[in-house]
Amino acid sequence: MAEIIEGLVCGKCGVNAVKRQVTFDYMRRTFGHEVPVCPKCGKVFIAKELAEGKMAEVEVMLEDK
Amino acid sequence: MSKACPENAQFFSCPEEVRLEKLNESLKRASTLPFWREKLEGLLPLENLASLSALPFSSEEDIIACGEKLTAVSATDIKRVVSLRTSGTSGRVKRIFFTENDIKLTRIFFSEGMAWLCGEGDKAAILMPGVSPDGLFDILSKSLLDIGVNVLPPVSSVSEAADLLSKENPDVIIGLPWYVRLLSVCLPELSPRYVLLSADYVPRSLKKQISENWECTVVEHYGMTETGYGFAVEYPKSGIMYPRNNDFCFEIINTDTFLPCKVGEEGEIVISSLGREAMPLVRYRTGDLGSFDYKNGFPVLIYAKGKKAFFPARAYEEALAPLSFLADFRFTDEGEMEALILGAEKPEYSDAVLSALSRAGLKLPEKIIFCNFHEEGKLFFASKRSM
């Protein structure tokens, strides 16, 4: 059973987000990370800290010449 | 089919009125960005290309500090980002953004420029990085395929490159100066027609050495990631670099007065983009030195010799490149020279290095440490300096 995240509600469906392993694709590479997802519509929530932290780091690593 | 030459190259022969129109469009696009809004206020549109010199400069520091704030399109229109870690301070990243069209313009330039060297049925080896989508290798190989050239697969080490070249004996070899020089020393039996050197300063002595080792014509390319990898390419045997006049305006400025240099005068290369969508460049100071002239009424680069800060190192490269036992070299902070050599050390090597440096009037190293290239299995590429 996926962990329900209290206080994080999907604006479209009105249900609580759950933690789920999501696959990211960038520059022909794929990697997985657990992020909040709406169990109904599947919309993924990327927190600012993740976008500006780990995700930005990985992007820079992959964006070679 | 028309002959592939500078006069027929779409990237080069672009009339001034067309360039001015494109420049004004590009500046207008840039002026919508907060970074440029105030700086360009009241200065646009330009009446002629010469009035570009009235605009403020931009620099690598601006790109590092502002990053995506210098992009003039929405994030969804960005097709490719290149992130470059700048030397020195750790963690500082320079990110350059491209749209699909920006990449297409580079591809056209590469195709037209490479058509001076090769064509249908020829075989080309690209010994450059960037195999990822829309990376340097990727774009260049697509450009070569566009003109019917067969591209050899990418390699990830010198030994892989040597094996591939021995097996395929390509018509054209594209790579970094010291890397290709080493291969020309180790594999003299190859017979490429042309060698294109790029991404670093090319010592004259090194160019001559490759040309003699393989009895081929060696040409240079000057460019940087900021210009979409490519900017100007030498037409064989002309010694002139033909720039992408269709996509950029370049100026040569005096590094003390910041005023435009005259024909033939050496100064810093400053670039403004014309058709660039993702990240318009406005008077971007490259830090590289060069000079300009005109050919058939269009501006050409006479030479580009890299950043002033690296000039002492350039003199060492120039002096040491002709020593064919030397694979690469670097200096330690203690003033010692580490020399990567091919095969076992011989007593005369030390004297050869010292006399080459003395002849060039250069400071001699405190000590020379010889290391065997085959045992080390790597190159220092001390000579690979940002250009």
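So the values come out like this:
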quantity: Among B:49, B:320, B:140: highest mean-square fluctuation, GNM of chain B, C-alpha pairs under 10 Å; calculated: B:49
quantity: Cα-based Kirkwood hydrodynamic radius, the range B:214-315, one decimal, Å; calculated: 14.2 Å
quantity: Rounded to the nearest 20 debye, dipole of chain A from Cβ charges on Lys, Arg, Asp, Glu; calculated: 320 debye
quantity: Charge-dipole axis of the protein assembly as shown as Lys and Arg at +1 and Asp and Glu at -1 on Cβ define it, positive-most pick from B:240, B:347, B:141; calculated: B:141
quantity: Lysine pairs with alpha-carbon atoms under 29 Å apart, the range B:98-237, spacing 8 or more or separate chains; calculated: 16
quantity: Total charge dipole magnitude, the range B:207-282, about the Cα centre, Cβ charges on Lys, Arg, Asp, Glu only, Debye to nearest 20; calculated: 180 debye
quantity: Relative contact order, percent, the range B:19-65 [alpha-carbon distance under 8 Å, six or more residues apart]; calculated: 34 percent
quantity: Lysine pair number, Cα distance threshold 13 Å (strictly under), the range A:12-65, separation 8 or more or different chains; calculated: 4
quantity: Difference of contour (0.36 nm per residue) and Cα-Cα distance, residue B:75 to residue B:342; calculated: 91.2 nm
quantity: The range B:26-146: C-alpha pair distances exceeding 25 Å, %; calculated: 43 percent
quantity: Chain B: calculated mean residue ellipticity at 222 nm from DSSP helix runs of at least 4, using -39500 (n - 2.57); calculated: -9000 deg cm²/dmol
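Read-outs: derived from the displayed coordinates by stated rules, not from any lab. Quick caveat, the model's predicted, so the values are computed rather than measured. Note: ideal-geometry Cβ built from the backbone for every residue, glycine included; neighbour counts use all protein chains shown.
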